[in-house]
Amino acid sequence: MYPLEDIEVPENFIPEYPYAEYAGSDGTLRDEMLAPYPRTEYAVKKNRQEYYAIVSHMDAQIGRILDALKASGEADNTYIFFTSDHGLAVGEHGFLGKQNMYENSIRVPLIMTGAGLEAGKQVEAPVYLQDIMATTLELAGLKKPAQVEFNSLLPLASGKTDKSAYDAIYGCYFSVQRMIRTDKFKMIIYPAANRVRLYDMQEDPFEVNDLAEDKEHHGELLHEMLTRLIKLQKEMNDPIDVRPAFDNFMNDVPPPPLPSL
């Protein structure tokens, strides 16, 4: 279905990500072992060809489930959530897997269908995958327990609001990556590398123009994003202190020798 000559490398493809080893995503990591280093265009095209084939296969199997649901007579009495736990890079930024904070990996598919939900409606508000759990509680007519930190998606899905329940989205990967994402900007910090990256997600959705390198013009924004990230870290009981790496980056301190990850 997907001839290799028709496959293109992604717009943000690079042969090697400069901070991969500091970010815990070196060549010994499972997903990242699926192609050689440096990445070649052929290897990336081959991986994307296989990925597209898997998507098509999955689509066919989901069709079988929906056909069976319709045959059972319960289709009109069922809410369906289609999602996954992560995306895959498949060549974007030189990664193949999920262990990074770029959109291709941290974003997941999220499709809902059921009574009262408009077909084809798209919602751009950022949410968490765990919001599905809170949504099912509301659908079941149950009160959300106090310990559930996430929020029902029904107000967004039904059109009652177009505003996210979250001012910003927080992301982490072990002790080596931290991320904050607002409607407009994303900041990634690599604590082990003294490195900060900043992207304008509206103007640069493929995340290729790192604004953090221009500290003179974006220093105030970087400090604002840091403050918001630290606030989210406290809410999540995150013990990793990103401030030394941030300060080192702002003072042009180079990455230290690679840590043992």
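Every number in this text was worked out from the coordinates using simple rules, so none of it is lab data. Since the model is a prediction, treat every value here as computed from it, not as a measurement. We place every Cβ from the backbone using ideal geometry, glycine too, and count neighbours over all the protein chains shown.
Quickly estimate the mean residue ellipticity at 222 nm for the chain, helices only: each DSSP H run with n ≥ 4 gives -39500 (n - 2.57), and the total goes over all residues, rounded to 500. Could you put the intermediate results ahead of the total?
Details: 6 runs with 78 residues, N = 261.
That calculation yields -9500 deg cm²/dmol at 222 nm.
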Unit-weight point scatterers at every alpha-carbon of the range 184-261, Debye formula, q = 0.11, 0.16, 0.20, 0.21 1/Å: log10 I(q)/I(0) is -0.29, -0.62, -0.93, -1.00
Contact order relative to length for the range 166-254, counting C-alpha pairs under 8 Å separated by 6 or more residues, stands in percent at 27 percent
Here the gain from full extension of Ser158 to Asn237, 0.36 nm per residue of separation minus their alpha-carbon distance, amounts to 25.2 nm
Computed over the chain: longest principal axis from alpha-carbon atoms vs helix 41-72 long axis, angle to nearest 10 degrees, is 20 degrees
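With +1 assigned to the C-beta of every Lys and Arg and -1 to the C-beta of every Asp and Glu, and no other charges, what is the dipole magnitude of the chain about the Cα centre in debye, to the nearest 20? Present the calculation step by step, with values, prior to reporting the outcome.
Values: 25 positive and 41 negative charges, 174 e Å.
Once rounded to the nearest 20, the dipole reads 840 debye.
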Residues other than Asn194 with Cβ under 15 Å of its Cβ, Lys/Arg counted +1 and Asp/Glu -1, net out at -1
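Test of the criteria: in the range 170-219, which trypsin sites (Lys or Arg not before Pro) are in a DSSP loop and have at most 15 other Cβ atoms within 10 angstrom of their Cβ? The partial results should precede the final answer.
Working: sites: Arg178, Arg181, Lys184, Lys186, Arg195, Arg197, Lys215; in loops: Lys184.
Hits after loop and neighbour filter: Lys184.
Can you give me the relative contact order of the chain as a percent, contacts being Cα pairs under 8 Å and 6 or more apart? Intermediate values should be presented prior to the final figure.
Values: 356 pairs, mean separation 40.9, N = 261.
It rounds to 16 percent for the chain.
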